[in-house]
Amino acid sequence: MGKAKTFAIVTLGCKLNYAESSTIARDYVKKGYVQTAPSSKADVYIINTCSVTEHADKKSRQAVRKVLRQNPHAYVVVTGCSAQLRSEELSCLEGVGAVLGTGFRDKAVAVAEDGLAGIVLLGPCHAEGTIFSAYSAGADNRDRTRAFLKVQDGCDYRCTYCTVPLARGGSRNVSIKEAVRQAEEIAAAGVKEIVLTGVNTGDYGKSTSETFPALLQALSGVSGIDRYRISSIEPNLLTEEIIQFVAKTRNFLPHFHMPLQSGSARILKKMGRRYGPDVFARKVQSIKDVTPHAFIGVDVIAGFPGETEEDFRQTYGLLKQVKPSFLHVFPFSLRPNTKAAEFPPSERIPDKEITKRVQQLGALSDTLYEDFVKANTGRKEEVLFEGKSAGGNMHGYTRNYIRIERPYDKSKINTIVEVTL
Ligand code: SF4
């Protein structure tokens, strides 16, 4: 018998990409390939790229170049959002075997088996509402404790700064039945925690005439999954029903992630967002009313075109007032083919000013997180320990997403332990 072929995957970007990479990895394993780390030699490399910002596109290209340089004899497959939006730049790199748009991820094994060079498969991101259903679990050692389950893909919103609908297509979802089946597979792999993932997760249900609360209800009954987290959900789609469900359902954790992007009603409108600052503030308050110790992570963009000092002050002021637990701060990045790219250049905020605003929000985030941790001090919390951290301790997260370290004890890994914070 000949030696089994090997493959390695490099993943950039979001949880969806990680889920999709794991599914591609399982497809390779089914075909008899053996997975190796990207740093060791493999016969096939898959680079799953990201295009969320200019920087992400650049990093994706660099990752492809690095793999090509270090592995001149390997077959190299490039897929993901940057492959969909920047196929020409990627396919002309010397040595790339195949560039697969986001609608062709399922061909990642077939192209490598054929071994033909210069393959470019592009087209609509999805045919007739189909979805490349995916989850990360058990494909490599990092995935043993927490799995990302993709329940939804694409987006029908048209925020003026965002290229995701161009890269991933319209909103569609897996059925509740399929999501439950995958959650059962994840449980069978020994994973205890699932993060429900999508581009616009709260938009779940459109393509199957189902609802997001019905999905949550069905998943909560899957035996073996002790913990669910819901990834980013739009403020206008985070309903009272969902907030109440999370508060009363033991295996749905008090952890929310909501994009605010701006605290200025004027800028939100210019961004094409579907809520105002008041709606956002109300949702944060509703969460705090029923789950006072919930972790609330919030995305903010600094330096959107036309964002005046007064607009920024409103964003800063709103966040200081509603007190989420943490901020993910993004400097505005101009993306080709978006409406924001057509705004008059005079509206652009100078890089230096954007950096200043990012720093101010970063400092606010540090304070908010410190306050959140302080408010939890002395409380008893359950931690799911995941593995060894760099310093030799073991680490894990509480139900409300506080990272905890304790001296390493192998018997505690992938178990839930009560600790006093
Ligand atoms: S909701 Fe807006 S920002 Fe989010 S993916 Fe859709 S278009 Fe992009």
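The values are calculated or read from the model by the stated rules, or taken from the named source; none is laboratory data. Note that the structure is predicted; figures quoted are calculated from it, not measured. So basically every Cβ, Gly included, is an ideal-geometry build from the backbone, and we count neighbours across all protein chains shown. These accessible areas exclude ligands, DNA and RNA; they are computed on the full protein's heavy atoms, side chains included. Shrake-Rupley method; radii C 1.70, N 1.55, O 1.52, S 1.80 Å.
The separation of region 160-214 from region 259-287, counted between C-alpha centres, amounts to 24 Å.
For region 380-420, give the percent of accessible area contributed by carbon and sulfur heavy atoms, probe 1.4 Å, rounded to a whole number. Here it works out to 46 percent. Accessible surface computed residue by residue for region 193-232, with neighbouring protein chains in place and a 1.4 Å probe, gives 30 Å² per residue. In a fully extended conformation the segment linking residue 94 and residue 211 would gain 37.5 nm over its present Cα-Cα distance, using 0.36 nm per residue.
Accessible area of residue 313, 1.4 Å probe, to the nearest 10 Å²? About 140 Å², ignoring ligands and nucleic acids. Proximity of backbone amide H atoms, modeled 1.01 Å from N, is registered between residue 295 and 255, 256 at under 5 Å, excluding neighbours fewer than 5 places apart on the same chain.
Leaving out ligands, DNA and RNA, and with a 1.4 Å probe, what % of the accessible surface on region 6-121 is carbon or sulfur? Spell out each step's value before the answer.
On the way: 2730 of 5020 Å².
Carbon and sulfur: 54 percent of the exposed surface of region 6-121.
Computed over protein heavy atoms with a 1.4 angstrom probe, the accessible surface ordering of 135, 408, largest first, is 408, 135.
Residues in region 375-380 carry Karplus couplings, in order, of 5, 9, 4, x, 6, 8 Hz; the curve used is 6.51 cos²θ - 1.76 cosθ + 1.60 with θ = phi - 60°, and Gly or Pro positions show x. Computed over protein heavy atoms with a 1.4 angstrom probe, the accessible surface ordering of 278, 351, 311, largest first, is 351, 278, 311.
The heavy atoms of residue 262 present about 0 square angstrom of accessible area, all protein chains included, probe 1.4 Å. What region 1-61 shows is 47 Å² of accessible area per residue, with the surface traced by a 1.4 Å probe over protein heavy atoms.
Computed with a 1.4 Å probe on the full set of protein chains, the accessible area for residue 55 sits at about 120 Å².
Of the heavy-atom accessible surface of region 308-379 (probe 1.4 angstrom), what whole percent is carbon and sulfur? Intermediate results must be reported in sequence, preceding the final value.
Numbers: 2400 of 4360 Å².
Of all accessible area on region 308-379, carbon and sulfur atoms account for 55 percent.
Projected label points at residue 249 and residue 390, each 7 Å from Cα along the beta carbon direction, are separated by 3.6 nanometres.
Please list 14, 92 in order of solvent-accessible area, largest first, computed with a 1.4 Å probe with all protein chains present. Could the numbers behind the result be given before it?
Values: 14 65, 92 100 Å².
Result of the area sort, largest leading: 92, 14.
Quick check: net charge around residue 379, other residues with Cβ under 13 Å of its Cβ, Lys/Arg +1 and Asp/Glu -1? That works out to 0.
Taking the Cβ-Cβ separation of residue 310 and residue 355 as r and a Förster radius of 22 Å, what is the calculated FRET efficiency to the nearest 0.05? It comes to 0.70. The label point for residue 419 and the one for residue 30, both projected 7 Å from the Cα toward the Cβ, are 3.8 nm apart. Please say if the chain is rounded, prolate or oblate, where rounded means a/c under 1.5 for a ≥ b ≥ c the square roots of the C-alpha gyration tensor eigenvalues, and otherwise the choice is prolate for a/b larger than b/c and oblate otherwise? Since a/c reaches 1.5 but b/c is at least a/b, the shape of the chain is classed as oblate.
Near the amide H of residue 396, within less than 5 Å, lie the amide hydrogens of 386, 404, all on another chain or at least 5 residues away, with H placed in the peptide plane. In the chain the longest region clear of GluC sites (Glu not before Pro) that are loop-assigned by DSSP and have at most 10 other C-beta atoms within 10 Å covers 129-421. The calculated FRET efficiency for residue 185 paired with residue 266, based on their beta-carbon distance and R0 = 60 Å, is about 0.80.
For region 6-121, calculate the relative contact order in percent as a whole number, restricting contacts to Cα pairs under 8 Å that are 6 or more residues apart. The partial results should precede the final answer.
Working: 217 pairs, mean separation 27.1, N = 116.
Relative contact order for region 6-121 comes out at 23 percent.
Extension gain, residue 341-residue 37: 0.36 nm per intervening residue step, less the Cα-Cα distance, totals 105.6 nm. Relative to one another, the C-alpha centroids of region 75-113 and region 393-421 are positioned 39 Å apart. Using the 1.4 Å probe convention, the accessible area of region 380-420 works out to 52 Å² per residue with neighbouring protein chains retained.
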